[in-house]
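Everything on this sheet refers to the single structure shown next.
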Amino acid sequence: MVGQLVSVNAGPVFNGNGLPPITQDAVDVAAAQMPGLEHYLDPEKLKAKGEISRSKGDGRLIAYPLTASMTIGTVAGKYGGRNVLKCPGDAYGLDIGPGGLGNSASFTFVCACDLAAAMRAGTTDGILWSAYNPDVPAFQQFVRFFGTSTKGMSFRPGGGTGGANLDLASVPAADIPFVLAYSYDAAVGQTRVYINTTAAPVASGDVNTNPVLSRMTRLSVGYAIGATATAWKGNIGKTLAFSRSFHRTAVDLALLENLMNGMRTHYNII
């Protein structure tokens with residue numbers, strides 16, 4: 001089994017494939033301090049096409065559900081010399097699950113990613129994260145880049161017809177890695193989105209309809225379940241999912257900032 005969250009005398013740490021805790025990277029160290037970690041996709045732990053890996057959060061299987069896998073470790077698929085997923089779009093993606101984000105409707109997603117020039121300049125959508133609950137008609141929440149005349153990234157926390165879109169004030173340049181954090185708090189229907197730092201949200205909003213998450217919820221990375229034509233075009237690095245928000249208190253924001261800094265350090269994102 002690949003590295004997973006374990007408990008030792010010093011507290012929860014990632015064992016890194018059974019090696020001593022000293023082998024933890026900056027993201028492992030930061031994530032081990034954060035409550036509510038459900039899933040942790042690490043591209044450096046993924047295997048070849050047709051094979052599987054496991055979430056470093058809970059050991060859940062991560063599989064290529066489609067006919068082709070994303071490229072791992074190509075020259076174009078590296079940040080700071082570290083393997084990431086090269087996603088050319090169209091029928092490429094990874095499934096985590098089935099299995100949801102606990103019993104909480106609140107959640108936080110954090111990952112390193114970039115927009116390929118073809119998607120940044122084009123007119124097609126690209127799904128970065130998607131959550132789908134088969135028990136709830138029309139339910140699917142997602143984070144996507146949308147290729148309209150103005151270009152932007154859309155964050156839809158509500159799912160179904162009750163959602164609301166939040167658009168970034170500006171879109172990251174093509175082929176430039178950045179760390180994206182998306183925090184949703186169900187208690188107040190509040191969303192905050194951050195890029196590279198929590199100093200100020202780049203998008204925010206309030207919604208009245210909470211997503212309906214359960215253990216049946218499936219998570220996908222790099223495409224939307226049932227809509228593979230809108231797969232992500234670009235690269236995706238480490239991806240973490242939590243069953244709680246991290247933007248409502250100074251303590252939580254500090255934890256999120258520490259994780260984002262760890263991600264930037266790991267991938268040498270300035």
(message) Quick query: amide H of SER106 versus all other amide H atoms, modeled in the peptide plane; which residues come in under 5 Å with a sequence gap of 5 or more or a different chain?
(response) ALA186
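What order do you get for THR198, THR239, THR249, THR265 when you list them from fewest to most C-beta neighbours inside 10 Å?
Arranged by neighbour count, lowest to highest, THR198, THR239, THR249, THR265 become THR249, THR265, THR198, THR239.
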(request) Give, as a single signed number, the net charge of other residues whose beta carbon lies under 13 Å from the beta carbon of ASN258, with Lys and Arg counted +1 and Asp and Glu -1. (result) -2
(request) Using a Förster distance of 30 angstrom, determine the FRET efficiency expected from the C-beta separation of ALA254 and ILE176, and round it to 0.05. (result) 0.70
(request) Taking amide H positions as placed in the peptide plane 1.01 Å from N, state which residues far from SER55 in sequence (5 or more) or on other chains have amide H under 5 Å from it. (result) ARG60, LEU61, ILE62
(message) Can you list residues from other chains, or at least 5 along the same chain, whose modelled amide H is less than 5 Å from the amide H of ALA231?
(response) ASP90, ALA91, ILE127
(message) Counting other beta carbons within 10 Å of each residue's own, what order do MET263, MET153 fall into, fewest first?
(response) MET153, MET263
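No value in this document is a laboratory result; all are computed from the given coordinates. It should be emphasised that the depicted structure is a prediction, and the values quoted were computed from it without experimental measurement. No Cβ is skipped: glycine too gets one built from the backbone with ideal geometry, and neighbour counts run over all protein chains shown.
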